[in-house]
1. Identify the residue in region 16-49 that is closer than 21 Å to GLU5 by Cβ and among the β-branched types (Val, Ile, Thr) and, among all such residues, is surrounded by the most Cβ atoms within 10 Å (Cβ to Cβ).
2. Please go through region 81-93 and give me each residue that is at pLDDT 95 or above and exposed (fewer than 15 other Cβ atoms within 10 Å of the Cβ), ordered by number.
3. Could you grab me the full set of residues in region 59-73 that are more than 15 Å from GLU135 (Cα to Cα), touching a helix residue (DSSP H, G or I) at 6+ places or on another chain (Cβ under 7 Å) and not hydrophobic (A, V, I, L, M, F, W, C)?
4. Quick check on ILE131: is it buried (at least 19 other Cβ atoms within 10 Å of the Cβ), β-branched (Val, Ile, Thr), farther than 27 Å from GLU24 by Cα and touching a residue at least 24 places away in the same chain (Cβ under 8 Å)?
5. From (1) over 19 Å from GLU39 (Cβ atoms); (2) modelled with pLDDT of 95 or more; (3) charged (D, E, K, R); (4) outside any strand (DSSP E or B), pick out the condition that doesn't hold for LYS146.
6. Taking LYS62 and the conditions (1) in contact (Cβ under 8 Å) with a residue 24 or more places away in the chain; (2) basic (Lys, Arg); (3) touching an Asp or Glu at 6+ places or on another chain (Cβ under 8 Å), which numbered condition does it fall short on, given that it satisfies the others?
7. From ILE34, ILE123, ILE77, which residue is within 28 Å of LYS160 (Cα to Cα), aliphatic (A, V, I, L, M) and at pLDDT 95 or above?
8. Take the conditions of a type outside the set (D, E, K, R), more than 17 Å from MET1 (Cα to Cα), in contact (Cβ under 8 Å) with a residue 60 or more places away in the chain and surrounded by 14 or more Cβ atoms within 10 Å (Cβ to Cβ) and apply them to ASN111. Does it pass?
Amino acid sequence: MIFEEKKITFKNDVNAVLKTPEIEDAEMLLNNAIQTSAETDFFSRYPEEWDLSIDREKEWVKQMRDSSDSLVITCYINGMAVGSCDIRFNSELKTAHRALVGIAILKDYWNIGIGSAMFSELINEARKRSIEFMELEFVEGNERGKALYEKFGFEVVSVKPKVCKLKDGTYQNLVYMQKYL
């Protein structure tokens with residue numbers, strides 16, 4: 001799916017563009033995923049685990065652009081991708097009422113409103129598709145993420161214990177949230 005380009009101004013007069021990434025952006029997106037993984041322990045992979053080739057990332061971007069059941073929205077500031085979110089719609093009859101969302105923002109761009117802007121767009125897209133509820137998962141302890149999700153009406157439904165194991169041997173629980181539309 002393609003998201004119609006939208007210009008937006010964030011806190012401190014930061015101008016940005018929200019849009020579906022282009023295939024040429026694949027290397028930048030892959031680098032962002034690696035960087036985001038290095039900036040927090042709340043990602044499902046370590047930076048060194050992103051072993052995708054640029055060509056594979058290009059294929060992924062093309063698939064997302066061509067898909068009728070997935071939408072990726074990327075935030076660009078001065079031509080640089082600084083955050084992305086996605087929504088995946090279910091096409092099976094029993095689960096078509098649900099959509100799964102995710103988000104990642106580079107640390108240097110936290111606290112200016114990118115997450116809120118992207119979540120607003122994801123909710124709009126879900127409503128266009130008559131989705132009944134949205135769902136997401138996050139690693140317990142990610143209080144910033146949890147606050148964003150709660151701001152948009154997501155509620156904790158369950159916690160899966162010890163889903164992630166860090167290099168130091170500690171475990172992290174996975175929190176599942178839903179938002180009814």
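1. Step one: list which residues in region 16-49 are closer than 21 Å to GLU5 by Cβ, which gives 16-29, 32.
Subset that is among the β-branched types (Val, Ile, Thr): 17, 20, 23.
Working: VAL17: 14, THR20: 18, ILE23: 13.
By that ranking, first place goes to THR20.
2. As a first pass, look at region 81-93 and keep what is at pLDDT 95 or above: 81-89.
Correct list: empty.
3. LYS62 - this is the single residue of region 59-73 that is more than 15 Å from GLU135 (Cα to Cα), touching a helix residue (DSSP H, G or I) at 6+ places or on another chain (Cβ under 7 Å) and not hydrophobic (A, V, I, L, M, F, W, C).
4. Details: buried (at least 19 other Cβ atoms within 10 Å of the Cβ): yes; β-branched (Val, Ile, Thr): yes; farther than 27 Å from GLU24 by Cα: yes; touching a residue at least 24 places away in the same chain (Cβ under 8 Å): yes.
Yes: the conditions hold for ILE131.
5. Of everything listed in (1) over 19 Å from GLU39 (Cβ atoms); (2) modelled with pLDDT of 95 or more; (3) charged (D, E, K, R); (4) outside any strand (DSSP E or B), LYS146 misses just condition (1).
6. With (1) in contact (Cβ under 8 Å) with a residue 24 or more places away in the chain; (2) basic (Lys, Arg); (3) touching an Asp or Glu at 6+ places or on another chain (Cβ under 8 Å) applied to LYS62, the lone miss is (3).
7. Details: ILE34 fails: at pLDDT 95 or above; ILE77 fails: within 28 Å of LYS160 (Cα to Cα).
Going through ILE34, ILE123, ILE77 in turn, the sole match is ILE123.
8. Values: of a type outside the set (D, E, K, R): yes; more than 17 Å from MET1 (Cα to Cα): yes; in contact (Cβ under 8 Å) with a residue 60 or more places away in the chain: yes; surrounded by 14 or more Cβ atoms within 10 Å (Cβ to Cβ): no.
Considered against the rule, which asks whether it is of a type outside the set (D, E, K, R), more than 17 Å from MET1 (Cα to Cα), in contact (Cβ under 8 Å) with a residue 60 or more places away in the chain and surrounded by 14 or more Cβ atoms within 10 Å (Cβ to Cβ), ASN111 comes out as no.
The values are calculated or read from the model by the stated rules, or taken from the named source; none is laboratory data. Everything numeric here is computed off the predicted structure, so don't read it as measured data. Every residue, glycine among them, receives a Cβ derived from its backbone with ideal geometry; neighbour counts consider all protein chains shown.
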